[in-house]
Amino acid sequence: YYMLTEDSPKQWWANNMSDHVHYWHGGGELTYHVVEPNGKLTMHTLGPRCPQLIVRGGSFKCVQLAPGASYGLLGEAVAPGFDFRDFKFVQPEELRKLLPPDEYKALKGFLKQAPESTFDDYYEKPVSA
């Protein structure tokens, strides 16, 4: 689980190869922007009226606190399982290819500046013999 707050109100554009189910646990509503692999952009609200959202693997997604919310607590279930090697932050050129110019301009603020390119530190290093 994790929490978005007024100090940290958004999650960067990301792409996971596995399916994710996002669960709302409390606080204010959360607004999701999802770009499916075919380029279709959709917007979803996660909150008490819609407490879960399925995001298919290969989709780009970002999320922000809805206006007026001071925090939003959410969790994720991942199938078949989360692995950082199946995760990456979306690059500007990837998003630009999928979205019309006006939508790209409106949503490019969710691109992480200087994102990590590897998460190898999360995994054990092979032991040399």
With criteria (1) open to solvent by 40 Å² or more (accessible area, probe 1.4 Å); (2) touching a Ser or Thr at 6+ places or on another chain (Cβ under 6 Å); (3) modelled with pLDDT of 95 or more, residue 34 comes up short on (1)
Checked the stretch 32-49 for anything under 19 Å from residue 89 (Cβ atoms) and either touching a Pro at 6+ places or on another chain (Cβ under 9 Å) or of a type in the set (S, T, N, Q) (or both); matches are 41
The stretch 17-94: strands (runs of 3 or more DSSP E) wholly inside it with 2 or more residues that are in contact (Cβ under 8 Å) with a residue 40 or more places away in the chain and more than 30 Å from residue 124 (Cα to Cα) are 19-27, 30-35, 60-65, 71-79
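Can you confirm whether residue 69 is open to solvent by 70 Å² or more (accessible area, probe 1.4 Å), out of contact with any Pro (no Cβ under 6 Å at 6 or more places or on another chain) and not acidic (Asp, Glu)?
no
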Scanning the stretch 105-122 for residues that are open to solvent by less than 70 Å² (accessible area, probe 1.4 Å), closer than 14 Å to residue 12 by Cα and either modelled with pLDDT under 95 or not small (Gly, Ala, Ser) (or both) gives 107, 110, 111, 112, 115
Scanning the stretch 19-52 residue by residue, the ones that are of a type in the set (Gly, Ala, Ser) and touching an Asp or Glu at 6+ places or on another chain (Cβ under 6 Å) total 1
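The values are calculated or read from the model by the stated rules, or taken from the named source; none is laboratory data. This is a predicted model, so every value here is computed, not measured. Using ideal geometry, Cβ is built from the backbone for each residue, glycine included, and neighbour counts are taken over all protein chains shown. Protein only, heavy atoms only, side chains kept; ligands, DNA and RNA dropped before computing areas. Shrake-Rupley method; radii C 1.70, N 1.55, O 1.52, S 1.80 Å.
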